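Written out below as structure tokens is the structure these notes cover.
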Amino acid sequence: MCAVPDVSDFEMVRGTRRALTLLGGKWSVEVIYLLASGTRRYSEVLYEVGEISKKTLTQTLRALERDGLISRRAYPEVPPRVEYSLTPLGWSMTGPLMALYEWSAEHLTDGGRARSGHREMLPRGQRRLRSVA
């Protein structure tokens, strides 16, 4: 763990929250992972991301572009061609995302082992019941 000199806990929390806000959109992480493997056209992103509406994808791409994580390049052709790619700032986000993935692969295996262990430690009368839907 690297030490950050003269930074309060509050400043660290605030900085972390700002970074997480950049990824706050439901589909932001998917788009960043996809673009990490190369430049994509809008239709490719739509197809490869999965169950996302065109409106939601457009909003996600605009937000990531506004935040400087991706770049948009439009070509003056008929029909129009638009390509998206990661910016250097977007590339710098892939390291923390991979670290989060590695942490989840190590600690959240077996269907959330940490949560199930906590549930077993509760006194009998305080166990939470699963809702049956």
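Taking just the C-alpha trace of the range 9-126, give me its Rg and Dmax in Å.
18.5, 68
Per 5 Å bin from zero, what fraction in whole % of the C-alpha pairs of the range 70-109 is there, up to the bin with the longest pair?
With a bin width of 5 Å, the distribution comes to 6, 20, 13, 14, 12, 11, 9, 7, 5, 2.
Between LEU100 and GLU44, what's the calculated FRET efficiency when r is the beta-carbon distance and R0 is 35 Å? Round to 0.05.
For LEU100 and GLU44, the calculated efficiency is 0.90.
Determine, for ASP6, ASP67, the number of other Cβ atoms within 10 Å of each Cβ, and report the residues in order from fewest to most.
ASP6, ASP67
According to a simple spin-label model (label point 7 Å from Cα along Cα-to-Cβ), what is the distance in nm between ALA36 and ARG14?
Here the modelled spin labels are 2.9 nm apart.
Coordinate-derived values only; no laboratory data. Being a predicted model, the structure only gives us computed values, none of them experimental. Reconstructed Cβ throughout: ideal geometry from the backbone, glycine too, with neighbour counts over all protein chains shown.
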